[in-house]
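Data first, discussion second: the structure below is written as structure tokens.
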């Protein structure tokens, strides 16, 4: 998969994850792309280590990146969430 597909899938997955985790209004497009790419790496590593490696087509890559991005946002919210 070339860098253009990484950016496209990363942007979509990061945007979807930020909507699910309710952080979409505070983040920018660049953050969503980076989040999706890092989420894809994390999701791919986790799913492979769990023995659940997916077929790497568009939908499999998007799902993997989405899961990883949601996990990254969850971890970020736990450590850097608003404290009152």
Residue match in region 51-58 (condition: touching a helix residue (DSSP H, G or I) at 6+ places or on another chain (Cβ under 9 Å), in a helix (DSSP H, G or I) and modelled with pLDDT of 85 or more): no
Conditions (1) at pLDDT below 85; (2) farther than 25 Å from residue 5 by Cα: number failed by residue 75: (1)
Those residues of region 1-46 which are closer than 13 Å to residue 72 by Cβ and outside any helix (DSSP H, G or I), in sequence order: 21, 23, 27
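Sort through 67, 52, 71 and tell me the only one that's buried (at least 18 other Cβ atoms within 10 Å of the Cβ) and without any contact (Cβ under 8 Å) to a residue 60 or more places away in the chain.
Numbers: 52 fails: buried (at least 18 other Cβ atoms within 10 Å of the Cβ); 71 fails: buried (at least 18 other Cβ atoms within 10 Å of the Cβ).
From the options 67, 52, 71, the qualifying one is 67.
The values are calculated or read from the model by the stated rules, or taken from the named source; none is laboratory data. None of the values given here were measured: they were computed from a predicted structure. Quick reminder, even Gly has a Cβ in these numbers, built from the backbone with ideal geometry, and neighbours come from all protein chains shown.
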